[in-house]
Amino acid sequence: HGVAPALAQRAATAHGARTEERVRADPFGALAGLRGATFHRCDVLAAKLGKAPDDRARLAAAMLQVLQASAVRDGHVFLPWGQLCDGVGRLLGARQAAALTKDALHNAADELLGRGAIVRAAMGVGVGGGGSGG
C-alpha cells in the first residue's frame with residue numbers, strides 16, 4: 001500500500017505476525033510512535049485501506065498531532081477546545097474539516113480520554129500521561 005520499506009520493517013518488528021491485521025484495523029494506532037510514521041503518512045495509508053475521513057481513530061490521531069505539535073512548538077501541553085478543533089481543521093484541510101459533524105471530534109476526544117491519552121479540564125484539553133498515542 002505504498003508504505004516505505006523501513007517503516008514496514010519497524011511495524012513488523014513492533015507487531016510481529018499480527019502486523020497486517022493491526023495496520024488494517026487502525027493504521028494510526030498500529031504505527032503510533034514508530035520513526036517515520038507521520039500523521040500524513042498514516043493518513044494516506046488509512047485512505048488506501050478505505051478508512052472514512054471521519055474515522056474516529058483518524059480524528060484522534062489528528063488531535064494528538066495538534067497537541068504534540070503545540071507542545072514542541074510553544075511548550076503548551078494544554079489547548080482550549082476551540083484551538084484544538086481549529087488545529088485539527090488545519091491539519092485535515094478546510095474541505096474535510098467542514099464535512100465533519102460536530103459529534104465526530106467529541107467522539108474522538110472521548111476515545112482519547114478513555115485511553116488516558118488526554119485529559120479534560122474546565123479550560124480545554126491536554127496531553128495525558130497514559131495511552132500509546134495515535
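The values are calculated or read from the model by the stated rules, or taken from the named source; none is laboratory data. This is a predicted model, so every value here is computed, not measured. FYI the Cβ positions are ideal-geometry reconstructions off the backbone, even for glycines, and counts take in every protein chain you see. These accessible areas exclude ligands, DNA and RNA; they are computed on the full protein's heavy atoms, side chains included. Shrake-Rupley method; radii C 1.70, N 1.55, O 1.52, S 1.80 Å.
Here are some notes:
- Test result for Arg35, open to solvent by 10 Å² or more (accessible area, probe 1.4 Å) and either at pLDDT 95 or above or over 22 Å from Arg120 (Cα atoms) (or both): yes
- Looking only at segment 65-96, and only at residues there that are open to solvent by 30 Å² or more (accessible area, probe 1.4 Å), aliphatic (A, V, I, L, M) and in contact with a helix residue (DSSP H, G or I) (Cβ under 7 Å, 6 or more places away or on another chain), the one that is modelled with the lowest pLDDT: Val77
- Hits in segment 48-64 - residues which are open to solvent by 70 Å² or more (accessible area, probe 1.4 Å) and not basic (Lys, Arg): Pro53, Asp54
- Only one of Gly50, Gly89 that is assigned to a loop (DSSP other than H, G, I, E, B) and not hydrophobic (A, V, I, L, M, F, W, C): Gly50
- Within the set Ala30, Ala108, the sole residue that is in contact with a Lys or Arg (Cβ under 6 Å, 6 or more places away or on another chain), open to solvent by less than 30 Å² (accessible area, probe 1.4 Å), in a helix (DSSP H, G or I) and in the same structural domain as Val3 (by the TED database) turns out to be Ala30.
- Beta carbons closer than 6 Å, at least 6 apart along the sequence or on distinct chains, pair a first residue in segment 32-60 that is over 20 Å from Ala6 (Cβ atoms) and without any contact (Cβ under 8 Å) to a residue 60 or more places away in the chain with a second that is surrounded by fewer than 20 Cβ atoms within 10 Å (Cβ to Cβ) and polar (S, T, N, Q) for Pro53/Gln96; Arg56/Asn107.
- Which listed residue is among the small types (Gly, Ala, Ser) and outside any helix (DSSP H, G or I), from Ala37, Ala61: Ala37
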